[in-house]
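Beneath this line is the structure, given in structure tokens, with notes to follow.
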Amino acid sequence: MQIDDTDRRLLRRLLAEPNLSLSDLADLAGVTPATASRRLDRLTRAEVITAQRAVIDWSKLGYGVEVSLRFTLDKTDARAFDEFIAAARDVPEVTQIQTFLGKVDVRLHVIARDMSHYQEIYRSRILTLPHIAEIEALMQVASIMEVEALPL
């Protein structure tokens, strides 16, 4: 799909301030609300815009521990990836699942209220995931930069 400067202005504004009303978004992008609506609909139908979502600060809800777990799977079973990912989806504290090519096969982002809660999650839910050959845990100390979009 081809996008033009008007689409880019709308997308930049939408990314910067996703809670803007359609009227305010249109004003900031320099178009009428009707034009903005038509273009956003077109971008959504073309799956350029796939979702609008809330970003939650988990620490404000009492989740003070974030851990990145990197897994190497035992790939002697052809179903290892699918079974591991299906089981990981059932762990409520897993907020992100990523797959990779290389030594690390899967990364899970896990949140917990505190270290005791994390230890409980790790022992009862993480270690029971299927096909684990190796695990590496990285404790997050600080989030320095999070960008969810490329500059348009």
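The values are calculated or read from the model by the stated rules, or taken from the named source; none is laboratory data. Computed from a predicted model, the values in this text were never measured in an experiment. Because the Cβ atoms are built from the backbone with ideal geometry, glycine has one as well, and the counts that use them run over all protein chains shown.
Side notes on the structure shown:
- Exclusive hit being among the hydroxyl-bearing types (Ser, Thr, Tyr), touching a residue at least 40 places away in the same chain (Cβ under 8 Å) and touching a strand residue (DSSP E or B) at 6+ places or on another chain (Cβ under 7 Å), set Thr99, Thr72, Thr95: Thr72
- Test set (1) surrounded by 14 or more Cβ atoms within 10 Å (Cβ to Cβ); (2) assigned by TED's automatic domain parsing to the domain that holds Ser116 - Asp77 fails condition number: (1)
- For the range 115-143, a tally of residues being of a type outside the set (Val, Ile, Thr) and either closer than 14 Å to Ser68 by Cβ or loosely packed, with under 12 Cβ neighbours inside 10 Å (or both) returns 13.
- Residues in the range 15-49 that are part of a loop (DSSP other than H, G, I, E, B) and either without any contact (Cβ under 8 Å) to a residue 24 or more places away in the chain or in contact with a helix residue (DSSP H, G or I) (Cβ under 8 Å, 6 or more places away or on another chain) (or both): Glu17, Asn19, Leu20, Ser21, Gly30, Val31, Thr32, Glu47, Val48, Ile49.
- The one condition from (1) surrounded by 12 or more Cβ atoms within 10 Å (Cβ to Cβ); (2) within 22 Å of the chain's Cα centre (by Cα) that Arg89 does not meet is (1).
- Candidate set from the range 30-68 (those that are among the hydroxyl-bearing types (Ser, Thr, Tyr) and at pLDDT below 95); member that is farthest from Gln140 (Cα to Cα): Thr50
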